Amino acid sequence: MFLCTGNYYRSRFAELLFNHLAFAKSAAWRAESRGLDPDPLNIGPISRHTRQALERLGIPLGECVRFPLRAAECDFYNSHHIVAVKEAEHRPLIEQQFPTFLQRVEFWQVHDLDCAGPDEAIPQLERLVSGLVDRLAYSASLSASTTATPNR
């Protein structure tokens, strides 16, 4: 699960990119994303910066583009891996709303539009998400090799 404040721009891009990359690797993983404090004033279901970046990468949005979703406790319980895209912004919100899950969260340092434009944040998210997919693939291959039964 990818977390950001609004579930409109950064976490949505991370979710869709992750799912695209996982599908390309034939991995069974599926990402979701949620917001810790979605802004009802955001226009439409998803940021134009996210749309433009996905279009540039050739990643289809699909037919059913949903509106931002607020994180709930069940989202944390149902997630195997949790990433908050900016520690300084999201750690306090997680500590306040979901303190029992704080130790399970991996924190990144991807700025929102108040500190960095999409020309900086989107490539950073691309690198981080791609790295996460590679780490998960490596971890899965180690797990598979340690549980394989040797031929006799």
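The values are calculated or read from the model by the stated rules, or taken from the named source; none is laboratory data. Only a predicted model underlies this, so the values are computations on that prediction, with no experimental measurement involved.
Points worth noting:
- Of everything listed in (1) outside any helix (DSSP H, G or I); (2) more than 17 Å from the chain's Cα centre (by Cα), the single unmet condition for SER139 is (1).
- Filtering the stretch 1-41 to residues that are on the phi > 0 side of the Ramachandran plot and modelled with pLDDT under 95 leaves only SER26.
- Residues in the stretch 70-88 that are within 15 Å of the chain's Cα centre (by Cα) and not aliphatic (A, V, I, L, M): ARG70, ASP75, PHE76, ASN78, SER79, HIS80, HIS81, LYS86, GLU87.
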